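Below is one structure, written out as structure tokens; comments come after it.
The values are calculated or read from the model by the stated rules, or taken from the named source; none is laboratory data. All of these numbers come straight from a predicted model, not from anything done at the bench. All Cβ positions, even for glycine, are placed from backbone atoms using ideal geometry, and neighbour counts span all protein chains on display.
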Amino acid sequence: MSFLTFAWDWLKSPQQWQGSDGIPIRILQHLYYSGLSLLIAALIAVPVGLLIGHHRRGGFVAVNVANIWRAIPTLGLLILVVVLLGLGVLAWLIPLVVLAIPPILVNTYEGVVGVDPELKDAARGMGMTGWQLLWKVEVPCAIPLIMLGLRTAAIFVVATATIAAEIGVGGLGRYIIDGLASNDYGEVAGGAAVIVVLALLIQALFTGLRRFVVPRGLRLQARSSR
Amino acid sequence: MQWSWIPQNWSIIWPYTLDNLLLGLVPPLIGLVISVPVGIACVAKRWLYPPLLSVTSALYALPSLALFVVLIDYTGLGNLTVIIPLTLFSLCVLLPNVVDGLRSVQEPVRQAATAMGFGQLRRLVQVELPLAVPVVIAGLRIAVVSSISLASLGQLIGVSSLGYFFIDGLQRDFPTEIYVGLALTLLLALLCDVILVAARTVLTPWARGRAIAPSPLAPGPPLAIGPP
């Protein structure tokens, strides 16, 4: 298990835990890149997904476009933005937002489209307007899938923010890229280990968050149908 | 954009494209070969599925670059170092789809098959698996497209793929090369996606010619959307 020994030797040295290129600062940078990208992607993809799902128009196109959209290689887009626009916030922001959009969009759409038609009929029968139907029925019912989309997107973004180091910004990817460049396998292994742990923590966080935001009615229903 | 660069460098573009295609197709295929029997086992033995699902969704969270790095130590700087992580990701996408696909077969259909004298194995091969095809292909589309896209990361550890044009383009500050890499990645993905949709149409003749006939490019069953 030489990977683990290398990683452990690198991690336990105190100098990795302090200073401007120490692990705590790198983790904060990593979370900043990921968090901002996820937020912007959600602000774009959730409303679009709700709109397409609510009006039941353009779903086909959206789902197929989202599938091909996944093919955009983040590394390529990242480098293209740097070569065209230079280094800056946009250099890492654009590729990470692009990466996070498809899972959020597809899940939001599927969530809204999948709402039981009888439920919608009942809501309309009670005199709800389209807007009320969206906010009071469709969105709450779609929350589990929307959360799943956000979680998938968060995992993608945290995992991929690693690559941003290739263009010279901070974050945990620095350890891997710098370590590979200077043949310091300990640094590479230690960096990889920290990223893996962070990714698993983020996943656990979103799984936990789900419990808080899924409406009580849906949770009860899920339990009784088991 | 310097168009003349493309024909001049055709002799390097072609091999990198083929390598990328290989890295994009082999992992989903291995993933399929593993996930079908495992999926069948999960449907037969219900208790098996929840723990496996937690494992696969945890695996899905691992950054591919970090996995490459972990594997370098064991498999060196070869194709295998890229193929193993991409296979794991494909597996994470495919397993839930195989299980959902098999579970989506309705009980009356199953009973009809049994009533016609089908044994368990024959029912599985001739009824349940074919009916699961659309859902499995939905997963395969995601696995193939993602693998084609992720393969470019292999170049960071020196495994040849279209990622070569990104890194070389960055070092030479030459956008044309990056455009070519991006366009070829998207083209490969689109090509494979169209082939998979065509395969779904061929493999599910009963879905054609219905009142609401799904167009060949219709989304079909919900595209799996990440680890549940």
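Laid out as a table, the results:
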| item | result |
| --- | --- |
| Selection within the range A:9-48 - of a type in the set (F, W, Y) and either within 30 Å of A:L150 (Cα to Cα) or free of Cβ contacts under 8 Å to residues at least 24 places away in the same chain (or both) | A:W17, A:Y32, A:Y33 |
| Helices (runs of 4 or more DSSP H) completely within the range A:65-154 that count 1 or more residues being more than 14 Å from every other protein chain (Cβ to nearest Cβ) | A:89-113, A:117-125 |
| Boolean, B:R141 is of a type in the set (D, E, K, R) and either in a loop (DSSP other than H, G, I, E, B) or buried (at least 24 other Cβ atoms within 10 Å of the Cβ) (or both) | yes |
| Selection status of A:V65, closer than 27 Å to B:G139 by Cβ and at pLDDT below 90 | yes |
| Selection from the range A:86-134 of residues that are loosely packed, with under 14 Cβ neighbours inside 10 Å, in contact (Cβ under 8 Å) with a residue 24 or more places away in the chain and either aliphatic (A, V, I, L, M) or in contact with a His (Cβ under 8 Å, 6 or more places away or on another chain) (or both) | A:L87, A:G130 |
| Single residue of the range B:82-141 satisfying the filter (of a type in the set (S, T, N, Q) and without any contact (Cβ under 8 Å) to a residue 12 or more places away in the chain) that is nearest to B:A44 (Cα to Cα) | B:Q120 |
| Any chance B:A189 is within 27 Å of A:G173 (Cα to Cα), in contact with a Ser or Thr (Cβ under 9 Å, 6 or more places away or on another chain), within 14 Å of another protein chain (Cβ to nearest Cβ) and not basic (K, R) | yes |
| B:R172 over 17 Å from B:I6 (Cα atoms) and either more than 9 Å from chain A (Cβ to nearest Cβ) or modelled with pLDDT of 90 or more (or both) | no |
| Positions within the range A:157-172 being free of Cβ contacts under 8 Å to residues at least 24 places away in the same chain and within 7 Å of chain B (Cβ to nearest Cβ), in sequence order | none |
| Condition broken by A:S37, with the remaining ones in (1) out of contact with any helix residue (DSSP H, G or I) (no Cβ under 8 Å at 6 or more places or on another chain); (2) surrounded by 13 or more Cβ atoms within 10 Å (Cβ to Cβ) satisfied | (1) |
| Selection count where residues are free of Cβ contacts under 8 Å to residues at least 60 places away in the same chain, away from chain B (no Cβ under 11 Å) and touching a helix residue (DSSP H, G or I) at 6+ places or on another chain (Cβ under 8 Å), scope the range A:53-64 | 2 |
| The range B:151-169 - residue that is assigned to a helix (DSSP H, G or I) and more than 19 Å from B:W5 (Cα to Cα) and, of those, farthest from the other protein chains (Cβ to nearest Cβ) | B:G154 |
| Of the criteria (1) surrounded by fewer than 24 Cβ atoms within 10 Å (Cβ to Cβ); (2) of a type outside the set (F, W, Y); (3) at the interface with another protein chain (Cβ under 9 Å from one of its Cβ atoms), which one B:I148 fails | (1) |
